[in-house]
Structure formats: structure tokens, C-alpha cells
Amino acid sequence: MSLPRIVIIGGGAGGIGVATRLGRLLGRKGKAEIILVDMAEAHIWKPLLHEVATGSLDTGIEAMSYRGHARGNGYRFQQGTLTGLDRERRTITLAPIHDGEQELLPARELAYDYLVIAVGSVADDFGIPGIQEHCRFLDTTAQALDIRQSLRKQFLRYARDEQLDQKIKIAIIGAGATGTEMAADMVNAVDQIRGYGFNVQPDMLSIILIDAEAEILPAVVRPAIRESVARKLEDMGVEIRTGQGVTRAEPGRIILSDGTALEVDLSLWAAGIKAPNELNEIGGLETNCRNQLVVKPNAQTTRDERIFAIGDCCACPQPDGSLAPPRGQVARQMGHMVVRNIIDMLNDRPPKREYVYRDLGSLVNLSRFYTVGNLFSFLGGGVMVEGRLARFTYHSLYRRHLLEVYGPVRGSLMMAVRQLSHFLRPPLKLH
Ligand SMILES: Cc1cc2nc3c(=O)[nH]c(=O)nc-3n(C[C@H](O)[C@H](O)[C@H](O)COP(=O)(O)OP(=O)(O)OC[C@H]3O[C@@H](n4cnc5c(N)ncnc54)[C@H](O)[C@@H]3O)c2cc1C
């Protein structure tokens, strides 16, 4: 009898944990065949992407090769992009892989017995003209590296003597956690780069943070947190423009809802997310207006019990009628639950665990300048924290991720390597 095959698509914050756990629990023991599919070759934890974009994080150290990880953890890896799903034949289709003009791998089909879809989210441009063409996004490592490259070029251009009187104008559209953290990280990047032969001034960046909502961090409930983050950003020289949306982007400028045209050297779009377009009614599954796969509370898709979806790409109903939010901790917790539910199904038991989101805390980290947030929000509003405790807790989410993915010994070693690297290398990746 052939082994049941469990295919996980997307090795991000949620999917990598599912592949790792299933690989260790079933794959290594020869109880099931586990295959992880991702369009990228290496895993970078998405909440770190803004640090990749500014160069404060070195992908050479942080990126984890899926192939290397698969080998040590009882699963197989296939690189590919999900483009189709045939539920009757229980197969998925992966797009061909090209290297420029050359096709390296043709389109392929992959059979599954159980499927976990964990392909995350992409920026939602809400159909606003010019955004796709003229703004940068922070959805993938490749895009983050592209932003870094572009920033480096701007720094080089600026450092020529004749450019010194011109500021580099950066617009960040969307003042949620991603936009605010990115703004602070850019200020930090300029601060750090000055000691390394770049003839730049501390105020060389003119960063403008734009949001259509009345205040920054609209998803943060506590006004005190929103206010303190806004104050810190303004102290850093970031200009905040709330209550104004972007209606159009053009080469070198963006147009605001009041008609103002802002000249910009770089625009970054961080104003909202949706699930990737490929998911829209894929294989006849139920999706919502944000392309998210509609799932039951146990993460099974509503129209197919063998297909699960977790993390940003799913719409998981909560007891109060809301949906689980798109967060790293949600993807991870849903992943843990799905592993148990699939194991139950393999043992002919119903997959009865249901996901209820408990907000352990949300923190905003303004680079090395300031960290603030709310902990244990599910306990009567929670506790506001800032400073060292907040920073420690913020970083502990990634530490937990490392421990989960690498295991306790390797995970601890990875943390030590990161610390050593901070000590030995420049604070910014300069090449
Ligand atoms: C800059 C930034 C900062 C953030 N900070 C925080 C934070 O502090 N705290 C927090 O809780 N959340 C944060 N988030 C949100 C968090 O990153 C996401 O909620 C989380 O990563 C979602 O996990 P996921 O597994 O659903 O998707 P992801 O982690 O995005 O993983 C999706 C994976 O699927 C792969 N993939 C995508 N499409 C396909 C396809 N068609 N075929 C094959 N593979 C595919 C991708 O390569 C990726 O590996 C942040 C996000 C960003 C961008």
C-alpha cells in the first residue's frame, strides 16, 4: 500500500512549521510522504523583510535553504509556483521555471492525498492606477532586495558632492505596522551608513508616511500606542500625512486625494493585503473578495475536506463573527492545529480542533529607536509595554520561529550566530 501524500504549498511563517512537524512526526517514521512546494528556494521569515530592504538584515545569514532543511527533517522539497488545482484527480499544477529565456523545468503536476495551502498574501493595490507600475512592494525577498538595491543607488548618487543639497524623497503609502517599521528602519539605515565612506547627511532622507485613515496604525486599538509611535516617528524626521489616500501613481510622483502631487524618488506600497490572485476560485474552492480561501474553523476549506488553508491566504471565522487576522502568530498557530487535524484524519478520526485567535500581543518596532505594543490583549485589553521589555518580546517571536524550524540545539546556535554576526560585521549590509 502506498503512503499517504501530504503536500504543503508555501513554506512561509505557517507552512514551514507544518512541513517540519509533519516531516518529523510522519515522514521520518515512514508513515506518510511529505512534500513542501514553494516558489522560492529559501525561506526568510516575512516579518523581517523590511530589514532585508534596508540592509540591516543579511540574507546570506538568515535565509534557510528549503532543500537543506527538508533533508534533515523528513520531508521533500519541490520548487514551483502553484497555478492550478484539479480536485477530482487530486493534483496540483506548478508553473514552469524559467531562467530568463530558458525553461529550466516544464509545468508539472503533483498528486496529493491531503493539501495544505499556505501561500500567504500580496499587497493589494485596490485597482488604483499606476501603483503596480510605479510603486515598490514588500511581499517577497526578491522585492525586498530590489528595494535595497534601489536605496543603495540613491545613497551613491546622493553622496556625489553636487547632490548634497537634494534630499532623497521616499513615500511610504500605508501607515500600518509594515509602513511605520519600514520608515524607522530607513532612518536607521542612513544613520548607520555614514560611518562607511558614504558622504551623506543625517537629514538626507525626506520620508513621508501616508495613510487614508485618520491616524497611523489603524489596526492598533490603544490610542496611547498610536500616539507614541507617531511622536517618535516625527522626532526622527518622518512626516506623517493621514486622512489622505493615494489616487494615482506616475513616474516620479504620486497624487493624493486632495490633488496634491508629491515628487518622489521611491514609493513603497504597504497599504493593504489580499491573497494571491492565483487562488481566486482555484479548483472551484470558495474564496472571498480578497481571494482568501474560505475555511471552516478547523481550517478545512468549505468545499473540500482534504484541502486545508492557513495563514494570510485563508478566511478563518472566529466565534465573534470576525476573521482571524493576517499575522505571523496566526499562521503559526493554525499550522500547529492543522498538523494535529491531519494526523487525526489519517487515523480515521474527525479533525475536530478549531482555531480561536488569542491575541498574545502586537508590537511595533521602530528599528533600534523604540519598541511599543500591547501584550496579552485577550485578557481585558492587555498591558501596554515599551522599551527593553517590548523589544525583547518583539524579537522573541522570531526566536520561537528559529527554535521551531531548526530544533532547540540548532535554533539556539542560529541565535548565537546572529549575535556574533552583529558583533563582527557592519550593522548594514554594504555590498
Ligand atoms: C514587513 C512586514 C512586517 C511584518 N511584521 C509582522 C509582525 O511583526 N508580527 C506579525 O505577526 N506579523 C507581521 N507581518 C505579517 C506576517 O509576515 C504574515 O502574517 C505571515 O508571514 C503570514 O504567514 P503565511 O505563512 O500565511 O504566509 P507567508 O509567510 O507570506 O508565506 C507564504 C509562502 O508561500 C510562498 N508562495 C506564495 N505564492 C506561492 C505560489 N503560488 N506557489 C508556491 N509558493 C507560493 C511564498 O514564497 C512564501 O514562502 C509582517 C509582514 C510584513 C510584510
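The values are calculated or read from the model by the stated rules, or taken from the named source; none is laboratory data. Note that the coordinates shown come from a computational prediction; the quantities given were computed from them, not determined experimentally. Note that we place each Cβ from the backbone using ideal geometry, even for glycine, and neighbour counts take in every protein chain shown. When the accessible area is computed, the model is the full protein with side chains, heavy atoms only, and any ligands, DNA or RNA have been set aside. Shrake-Rupley method; radii C 1.70, N 1.55, O 1.52, S 1.80 Å.
Output yes when any residue across the stretch 339-356 is within 14 Å of the ligand (Cβ to nearest atom), in contact (Cβ under 8 Å) with a residue 40 or more places away in the chain and farther than 23 Å from G15 by Cα, and no when none is.
No: zero hits.
Considering only the stretch 383-398, state which residues are open to solvent by less than 70 Å² (accessible area, probe 1.4 Å) and away from the ligand (no atom under 13 Å from the Cβ).
M384, V385, G387
Within the stretch 334-349, work out how many residues are open to solvent by 50 Å² or more (accessible area, probe 1.4 Å) and either among the polar types (S, T, N, Q) or not in a helix (DSSP H, G or I) (or both).
Of the residues in that region, 3 qualify.
Yes/no matrix, rows are residues, columns are (1) over 16 Å from K46 (Cα atoms); (2) out of contact with any Leu (no Cβ under 6 Å at 6 or more places or on another chain); (3) not aliphatic (A, V, I, L, M):
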residue: G328; (1), (2), (3): no, yes, yes
residue: D359; (1), (2), (3): yes, yes, yes
residue: G373; (1), (2), (3): yes, no, yes
residue: M384; (1), (2), (3): yes, yes, no
residue: H395; (1), (2), (3): no, yes, yes
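Would you please list the contacts, defined by Cβ atoms under 7 Å and residues six or more apart or on different chains, that run from a residue in the stretch 358-381 that is assigned to a strand (DSSP E or B) to a residue that is within 12 Å of the ligand (Cβ to nearest atom) and of a type in the set (D, E)?
Hits for this filter: V364/E181; N365/E181; L366/E181.
Quick one: which strands (runs of 3 or more DSSP E) sit completely within the stretch 6-92 and have at least 3 residues that are open to solvent by 10 Å² or more (accessible area, probe 1.4 Å) and within 20 Å of Y112 (Cβ to Cβ)? Give the steps one after another, and end with the answer.
Working: elements: 33-38, 76-79, 82-86.
The strands (runs of 3 or more DSSP E) meeting that bar are 76-79, 82-86.
Could you tell me whether the stretch 110-130 includes any residue that is in a strand (DSSP E or B), open to solvent by 70 Å² or more (accessible area, probe 1.4 Å) and within 16 Å of the ligand (Cβ to nearest atom)? Explain how you work it out, then say what you get.
If we filter the stretch 110-130 for residues that are in a strand (DSSP E or B), which is where we start, we get 110-111, 114-117, 122-123.
Among the residues that remain, those that are also open to solvent by 70 Å² or more (accessible area, probe 1.4 Å) are: none.
No; the residues of the stretch 110-130 include none that is in a strand (DSSP E or B), open to solvent by 70 Å² or more (accessible area, probe 1.4 Å) and within 16 Å of the ligand (Cβ to nearest atom).
What is the number of the single condition among (1) more than 14 Å from G174 (Cα to Cα); (2) loosely packed, with under 13 Cβ neighbours inside 10 Å that A214 does not meet?
Condition (1) is where A214 drops out.
If you go through the stretch 358-372 one residue at a time, do you hit one that is under 30 Å from E181 (Cα atoms) and either modelled with pLDDT of 95 or more or of a type in the set (F, W, Y) (or both)? Walk me through it before giving the result.
Filtering the stretch 358-372 for residues under 30 Å from E181 (Cα atoms) gives 358-372.
After this cut, where a residue has to be either modelled with pLDDT of 95 or more or of a type in the set (F, W, Y) (or both) as well, the list is 369-370.
Among the residues of the stretch 358-372, at least one is under 30 Å from E181 (Cα atoms) and either modelled with pLDDT of 95 or more or of a type in the set (F, W, Y) (or both), which makes the answer yes.
Which condition from (1) assigned to a loop (DSSP other than H, G, I, E, B); (2) at negative phi; (3) free of Cβ contacts under 8 Å to residues at least 40 places away in the same chain; (4) open to solvent by less than 70 Å² (accessible area, probe 1.4 Å) is the one that L138 breaks?
(3)
Name the residue, out of V221, V246, that is more than 20 Å from R157 (Cβ to Cβ) and open to solvent by 70 Å² or more (accessible area, probe 1.4 Å). Give the derivation first.
Working: V246 fails: open to solvent by 70 Å² or more (accessible area, probe 1.4 Å).
Just a single option satisfies the conditions, and that option is V221.
Quick check: is even one residue across the stretch 193-206 among the β-branched types (V, I, T), away from the ligand (no atom under 15 Å from the Cβ), open to solvent by less than 40 Å² (accessible area, probe 1.4 Å) and assigned to a loop (DSSP other than H, G, I, E, B)?
Step one: filter the stretch 193-206 for residues among the β-branched types (V, I, T), giving 193, 200.
Keeping just the survivors that are away from the ligand (no atom under 15 Å from the Cβ) gives 193, 200.
This time we only want the ones that are open to solvent by less than 40 Å² (accessible area, probe 1.4 Å), so: 193, 200.
Among the residues that remain, those that are also assigned to a loop (DSSP other than H, G, I, E, B) are: 200.
Yes: one or more hits.
So, in the stretch 93-106, of the ones that are outside any strand (DSSP E or B) and farther than 26 Å from E305 by Cα, which residue ends up farthest from the ligand (Cβ to nearest atom)?
If we filter the stretch 93-106 for residues that are outside any strand (DSSP E or B), which is where we start, we get 95-96, 100-101, 106.
So of that shortlist, the ones also farther than 26 Å from E305 by Cα come out as 96, 100-101, 106.
On the way: P96: 13, G100: 20, E101: 22, P106: 16 Å.
So the residue we want is E101.
Quick check: is even one residue across the stretch 2-17 hydroxyl-bearing (S, T, Y), away from the ligand (no atom under 16 Å from the Cβ) and without any contact (Cβ under 8 Å) to a residue 60 or more places away in the chain? Working first, answer last.
Let us first name the residues in the stretch 2-17 that are hydroxyl-bearing (S, T, Y), namely 2.
If we keep only those that are away from the ligand (no atom under 16 Å from the Cβ) as well, we get 2.
Those left that are additionally without any contact (Cβ under 8 Å) to a residue 60 or more places away in the chain: 2.
Taking every residue of the stretch 2-17 in turn, at least one turns out to be hydroxyl-bearing (S, T, Y), away from the ligand (no atom under 16 Å from the Cβ) and without any contact (Cβ under 8 Å) to a residue 60 or more places away in the chain.
Given the structure, is D258 more than 15 Å from G179 (Cα to Cα) and of a type in the set (D, E)? Break it down stepwise before answering.
Numbers: more than 15 Å from G179 (Cα to Cα): yes; of a type in the set (D, E): yes.
The answer is yes for D258.
Quick check on P326: is it open to solvent by 50 Å² or more (accessible area, probe 1.4 Å) and either free of Cβ contacts under 8 Å to residues at least 40 places away in the same chain or assigned to a helix (DSSP H, G or I) (or both)?
Considered against the rule, which asks whether it is open to solvent by 50 Å² or more (accessible area, probe 1.4 Å) and either free of Cβ contacts under 8 Å to residues at least 40 places away in the same chain or assigned to a helix (DSSP H, G or I) (or both), P326 comes out as no.
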